[in-house]
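First comes the structure, then the notes that go with it.
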Amino acid sequence: IDAATVSISEFHSLVSTRPNGIGLEWATLVQRLQAFSERDVKDGPGWSPVTYIANQTRGNESVIAITAAVIDIDHDEPEWGLLEAFEYVAHTTFSHMAQPDDPHWRVVLPFSTPVPRSQWPETWRKIRFWLTPSADEACKDESRFYWWPTCQPDAPRDTRHHHGRLLDPETLRDVPAEQPPLR
């Protein structure tokens with residue numbers, strides 16, 4: 001699995017709109033997602049797990065495919081047991097432990113094959129329902145920008161790298177339909 005290539009787009013900052021598309025070996029991406037930069041403010045370079053149409057700017061309309069699920073879990077620990085079967089890397093985010101006992105995590109699950117933009121909304125629903133029920137809803141945005149791991153100077157930080165199989169979204173069951181209440 002470490003030899004799998006994950007296509008990502010990098011950005012100099014949150015306001016950068018020109019993606020720099022690159023392919024990284026999964027092991028290299030794991031290393032980058034476990035290396036923290038210390039900053040006084042939440043800022044700096046970032047990335048998105050997507051491929052873009054050539055010569056387009058960052059935005060959902062320009063996304064071709066999503067190459068990994070990136071999930072933010074705020075004010076709680078991820079439900080690690082639900083992720084047990086899958087390859088992932090996780091790191092705490094800038095807000096981690098800003099208040100005592102207030103964890104903030106980001107979990108990255110690489111896909112076995114990229115998910116076309118048209119299939120992303122349903123794929124996101126399945127991932128959130130089956131694997132990360134406490135996921136921040138903002139992560140459903142196809143072109144979402146994620147800062148590389150940062151923390152305040154001397155702040156607590158943590159990472160995890162779990163070996164498992166690549167997530168194949170095609171194998172996730174459909175989300176059960178809501179049933180109307182019985183009368």
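The values are calculated or read from the model by the stated rules, or taken from the named source; none is laboratory data. Keep in mind it's a predicted model, so treat the numbers as computed, not measured. Heads up, the Cβs are rebuilt from the backbone with ideal geometry, glycines too, and the neighbour counts pull from every protein chain shown. Remember, those area values only see protein heavy atoms, side chains included, never the ligands or the DNA or RNA. Shrake-Rupley method; radii C 1.70, N 1.55, O 1.52, S 1.80 Å.
Key figures
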| quantity | calculated |
| --- | --- |
| Check on Ile64, in contact (Cβ under 8 Å) with a residue 24 or more places away in the chain and either under 22 Å from His162 (Cα atoms) or touching a Gly at 6+ places or on another chain (Cβ under 8 Å) (or both) | no |
| Matching residues, the range 27-58, being surrounded by fewer than 18 Cβ atoms within 10 Å (Cβ to Cβ) and out of contact with any Phe, Trp or Tyr (no Cβ under 9 Å at 6 or more places or on another chain) | Ala27, Thr28, Gln31, Gln34, Glu38, Asp40, Ile53, Ala54, Asn55, Gln56, Thr57 |
| Hits in the range 96-118 (condition: open to solvent by less than 70 Å² (accessible area, probe 1.4 Å) and in a strand (DSSP E or B)) | His104, Trp105, Arg106, Val107, Val108, Leu109, Pro110, Phe111, Ser112, Val115, Pro116 |
| Residues located in the range 61-75, provided they are open to solvent by 40 Å² or more (accessible area, probe 1.4 Å) and within 16 Å of the chain's Cα centre (by Cα) | Asp74 |
| Any hit, the range 29-49, residues being closer than 24 Å to Ser118 by Cα and either modelled with pLDDT under 95 or in a loop (DSSP other than H, G, I, E, B) (or both) | yes |
